[in-house]
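Enquirer: Can you read through this structure? Questions will come right after.
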Amino acid sequence: NIQTNSWEKVQVPGQTGKVNSIAISNSGDIAIAFTKQGSGVRVAHKTSNSVGWQLSYFFPISRNGSVAFTSTRQPVVAYISDNKLKYAICYGEWYSVDVDDGTQGTISGATSLAIDENDQPGISYVRGSDLMFASSQGGWHSAVVESGAVTDKNELAFHGNQPIIVYYNNSTDIE
């Protein structure tokens, strides 16, 4: 039985956003990624032993962030910036790389980031009208999952090392 008064509402002071993503590490750390109107994707986190939330970073001129944790509690983020799909990891400081440079089509819609059982990240996203999956196995590379008629709604998870993507297709509904 879910009761609305049993939920804890948490706000990151001074921050409002949309296109939200949340991740919880294996030790209870929590991270959220959200797009702040006009200023890009921001990441806030709370460790399992801290009291409050801290804004850990923002990626200027970016949108549609998705957050996850590696098995070693490193927060990672996928986001879109300047028509490029990017992946960032935090080792005290954030480091980012281009996953898809956007030269083969407009990168749009939501990103979804997940980590497989070997601690390798994967990202689902939309390029043009194609649903894409990017894998970091042996360097980043992307493949078309389904061509045409795909909207920006998608979600990635791994079952072991097998990626599973749920998405809304304009012509056939949920797949």
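The values are calculated or read from the model by the stated rules, or taken from the named source; none is laboratory data. This one's a predicted model, so the numbers in the text were calculated from it and none came from an experiment. Here the Cβ is made from the backbone with ideal geometry for all residues, glycine too, and neighbour counts use every protein chain on show. Please note that ligands, DNA and RNA were not included when accessible areas were found on the heavy atoms of the full protein model with its side chains. Shrake-Rupley method; radii C 1.70, N 1.55, O 1.52, S 1.80 Å.
Enquirer: Heavy-atom accessible area per residue, region 44-142, 1.4 Å probe: how many Å²?
Expert: Numbers: 4520 Å² over 99 residues.
Per residue, region 44-142 has 46 Å² of solvent-accessible surface.
Enquirer: How high is the relative contact order of region 34-175, in percent, counting Cα pairs under 8 Å that sit 6 or more residues apart?
Expert: It comes to 14 percent, rounded to a whole number.
Enquirer: Oh, and also: So, with a 1.4 angstrom probe, what is the percent of accessible area on region 26-175 that is carbon and sulfur? Walk me through the numbers before you get to the answer.
Expert: Details: 3580 of 7270 Å².
The value for region 26-175 is 49 percent carbon and sulfur by accessible area.
Enquirer: Sticking with this one: Are there trypsin sites (Lys or Arg not before Pro) in region 40-96 that DSSP marks as loop and that have at most 15 other Cβ atoms within 10 Å, and which are they? Spell out each step's value before the answer.
Expert: Details: sites: Arg42, Lys46, Arg63, Arg73, Lys84, Lys86; in loops: Arg73.
The qualifying sites are Arg73.
Enquirer: To continue, here is another question. Which sequence of Phe158, Phe59 reflects their accessible areas, 1.4 Å probe, from the largest down?
Expert: Details: Phe158 45, Phe59 10 Å².
In descending accessible area the options line up as Phe158, Phe59.
Enquirer: Quick one: what are the phi-derived ³J(HN,Hα) couplings along region 95-102, Karplus 6.51/-1.76/1.60 with θ = phi - 60°, whole Hz, x for glycine and proline?
Expert: Once rounded to whole Hz, the list reads 10, 10, 9, 7, 9, 9, 7, x.
Enquirer: What does the charge count around Phe158 come to, taking other residues whose C-beta lies under 14 Å from its C-beta (Lys +1, Arg +1, Asp -1, Glu -1)? All intermediate terms of the calculation are to be shown ahead of the outcome.
Expert: Numbers: positive: none; negative: Asp116, Glu117, Asp119, Glu155.
Here the charged neighbours net out to -4.
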